[in-house]
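The values are calculated or read from the model by the stated rules, or taken from the named source; none is laboratory data. All values reported here derive from a predicted model rather than from experimental measurement. Here the Cβ positions follow ideal geometry from the backbone for every residue, glycine too, while neighbour counts run over all protein chains shown. For accessibility, only protein heavy atoms count, side chains too; no ligands or nucleic acids. Shrake-Rupley method; radii C 1.70, N 1.55, O 1.52, S 1.80 Å.
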Amino acid sequence: MAIIEVKNLVKTYKISEKQNGMLGYIKHLFHPKYREQTAVNNVSFNIEEGELVGYIGENGAGKSTTIKMLTGLLTPTSGSVIVNGLVPNEKRIQNNKQIGAVFGQKTQLWWDLPVIESFRLIKKMYEIPEGEYRKNLKKFTEILQLEELLDKQVKNLSLGQKMRCEIAATFLHNPKIVYLDEPTIGLDILVKDNIRKFIKDINKEKKTTVILTTHDLKDIEEVCDRIILIDKGSIIYDGEKEKFKDIYGNKIIAEFVVKNKTKSVTLETQEEDFEVIEETENSLKIRFNHDKLTVINIVDSISKYCEILDMHVQEQGLEEILKEIYRGEIIRD
Amino acid sequence: MIRKIIAIAKQDAREGLYYRFDLLLYICNFMIQIAVYVFIWLAIYNQGNQILGMSFEQVTTYYILVVSLDPIIGWGINEILGEAIRDGQVLRELLHPISFFSYYFGIRIGELVEAGIVGIITFLLCAILFGIVLPQSLFHFCAFLVVIVLSIIVIYFFEMILSMSAFYTNSVWGIEILKRAIISIFSGMIAPLTLFPEWVQKIANFLPFQECIYTPINIYFGELSNIEILQTIIKQGIWITVLYLLAKFIFHKAIKNITINGG
């Protein structure tokens, strides 16, 4: 049975419409006008225990709203959410015991106290057995390199240090499900790697289900097995990460260093099945579909017009694929 | 549950006590306030006036108790909770494995530790400095403490109700001022309630705020009979029940409709 079941989930907000200027404000005070906006529109998915799911979409696509409904912080307008047998917004506290969550800048660490004090409070609040607490603390300290941080006051920590502690705090009580809303925002590459490794390790060891929203697609590439892509409140892709690339991103980008160019390659190859993205005197950047063409075909066609000195082939990354989806360049079926 | 609340209270107290210098400043500030009150009343008494049958020592004691009780009653969770709602931190707090009310009650007790330290030190120092009237008896002193403890619970639910309006209005500061004004008028903080017009006294008799300051001080002086003390405690019990139910009702209503700020 799926650990998270979401069925026909809808959330609409009432947004107050304010007119500009003082007069508009006064008008609004006496005669407020509202319009409805649908943030999440008929979303359904199931998540199995132990899955690492990347929940992605543009700003305002409905990611955070969905996560808030999954954690029981928002009541759905219609549809249902069941998390490990519970309806989160009805049994919020019971549900809280089985989940962990990181929400952007919100923190569960106490600003003026050493980090370890916050951990101790979490231990008491979640009634973590002493042995389990020690074991987890030791392990987390190792992976996230917290040794020197535990006795420092939270306010003296850097952003990266704070986030590492926050992540550790979130997993201390062995939650069955963890929601991570942009856990790597603003962090440097080493900390990001550190956190990704931690999530993967814990998932492997404890079968923790993790739902990760992020704008850093490296997070998804490295951590997640499955992608749910939401756009304007609706899911437009749900499935394996690799398949996602197959469907949307069968494209390859080849960069060439050239010399002695005789003609404009862009113009000459307009009829061909590939696309020249960039062209300068000494370089060419070409995108083509791997199903139809090979690099050899490309080399054949362009070598008529120039001499190829060097080349570099690259599969299109998740980031480029998403950029195109967001821009509407890829139209889904 | 109680152990969890105590753990939260300890945490909050530890954080508060981190700012020891602040506590020192508060004590100085309160002592100056008391001195001002004492000097004003000294001037009035020197004119040969006798006010409401209170001796000058009693008035001095009244104000020493008022100012010492002020932090104990007044340093609540209003600002903390209001701020948390405004900046969205409340989101995090709704995810604790303990009810929202229990969590904030823990915070309230934590605040009480600081306030208690400030209040008791202020009281002792001023008692030595200006002299006080001692409580009527040990029994009256205990009754005084019981009424204050119950008042803290009354004010806690009152504050929860006020703070939750921040879910809708995002106003924190205004509500804090409103709360302060209501409490300081109807509790007898500004002056003994017998100095106010009768209609104010009538309202004060109905509201649960005079039990914060005025009633306990009168119990301290031994002005209330045992039956009146019992009536006071029953009145507080009723108010606690009413405010508790109202607070829960508003919370459940709010939680269904709110859109929490931030992210």
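Counting only residues that are in contact (Cβ under 8 Å) with a residue 12 or more places away in the chain and of a type in the set (D, E, K, R), which one in region A:19-56 is most open to solvent (accessible area, probe 1.4 Å)?
Restricting attention to region A:19-56, the residues satisfying the condition of being in contact (Cβ under 8 Å) with a residue 12 or more places away in the chain are A:28, A:32-56.
Then drop every residue that is not of a type in the set (D, E, K, R), which leaves A:33, A:35-36, A:48-49, A:51.
Working: A:K33: 110, A:R35: 102, A:E36: 128, A:E48: 85, A:E49: 83, A:E51: 43 Å².
Ranking the qualifying residues of region A:19-56, first place goes to A:E36.
Pairs meeting the criteria (first residue in region A:121-136 and without any contact (Cβ under 8 Å) to a residue 24 or more places away in the chain, second residue open to solvent by 50 Å² or more (accessible area, probe 1.4 Å), beta carbons under 8 Å, at least 6 apart or on different chains) are A:K124/B:R3. It is to be established whether one or more residues within region A:1-18 are closer than 25 Å to A:V210 by Cβ, exposed (fewer than 14 other Cβ atoms within 10 Å of the Cβ), over 21 Å from the mean Cα position of the chain (by Cα) and free of Cβ contacts under 8 Å to residues at least 60 places away in the same chain. Yes. In summary, strands (runs of 3 or more DSSP E) completely within region A:4-61 and bearing 3 or more residues that are polar (S, T, N, Q) occur at A:4-17, A:33-47. Here A:L74 passes the criteria (1) touching a Lys or Arg at 6+ places or on another chain (Cβ under 7 Å); (2) facing another protein chain (nearest Cβ under 10 Å); (3) farther than 20 Å from A:A39 by Cα except the one numbered (3). Residues of region A:111-140 that are at the interface with chain B (Cβ under 10 Å from one of its Cβ atoms) and open to solvent by less than 30 Å² (accessible area, probe 1.4 Å): A:D112, A:L113, A:S118, A:L121, A:I122, A:M125.
Picking from A:I56, A:I143, which residue would you name as being among the β-branched types (V, I, T), touching a Phe, Trp or Tyr at 6+ places or on another chain (Cβ under 6 Å), closer than 23 Å to A:D216 by Cβ and in the same structural domain as A:I228 (by TED's automatic domain parsing)? Can you show your working first?
Numbers: A:I56 fails: touching a Phe, Trp or Tyr at 6+ places or on another chain (Cβ under 6 Å).
Result of the check over A:I56, A:I143: A:I143.
Based on what the data block shows, is A:K304 open to solvent by 90 Å² or more (accessible area, probe 1.4 Å) and closer than 24 Å to A:F244 by Cβ? So A:K304 does not fit the description; no. The set of residues in region A:90-109 being open to solvent by 30 Å² or more (accessible area, probe 1.4 Å), of a type outside the set (K, R) and either in contact with a helix residue (DSSP H, G or I) (Cβ under 7 Å, 6 or more places away or on another chain) or facing chain B (nearest Cβ under 7 Å) (or both) consists of A:I93, A:T107. In this structure, is A:Q153 more than 8 Å from every other protein chain (Cβ to nearest Cβ), of a type in the set (S, T, N, Q) and open to solvent by 30 Å² or more (accessible area, probe 1.4 Å)? Yes; evaluated as a whole, the condition is true for this residue.
Cβ separations smaller than 7 Å between residues 6+ apart or across chains give the following pairs from region B:163-175 residues that are over 15 Å from B:K253 (Cα atoms) to residues that are part of a loop (DSSP other than H, G, I, E, B): B:I175/B:S165.
Residues in region A:256-274 that are at pLDDT 80 or above and within 20 Å of A:E315 (Cβ to Cβ) were compared, and the one that is least open to solvent (accessible area, probe 1.4 Å) is A:F256.
Which ranges mark the helices (runs of 4 or more DSSP H) fully within region B:61-170 that have 1 or more residues being in contact with a Ser or Thr (Cβ under 7 Å, 6 or more places away or on another chain), among the aliphatic types (A, V, I, L, M) and within 24 Å of B:E228 (Cα to Cα)? Steps first, please.
Values: elements: B:78-87, B:90-93, B:100-130, B:138-164, B:166-169.
Those helices (runs of 4 or more DSSP H) span B:138-164.
Among the residues of region B:1-53, those that are part of a loop (DSSP other than H, G, I, E, B) and more than 14 Å from every other protein chain (Cβ to nearest Cβ) comprise B:Q47, B:G48, B:N49, B:Q50, B:L52, B:G53.
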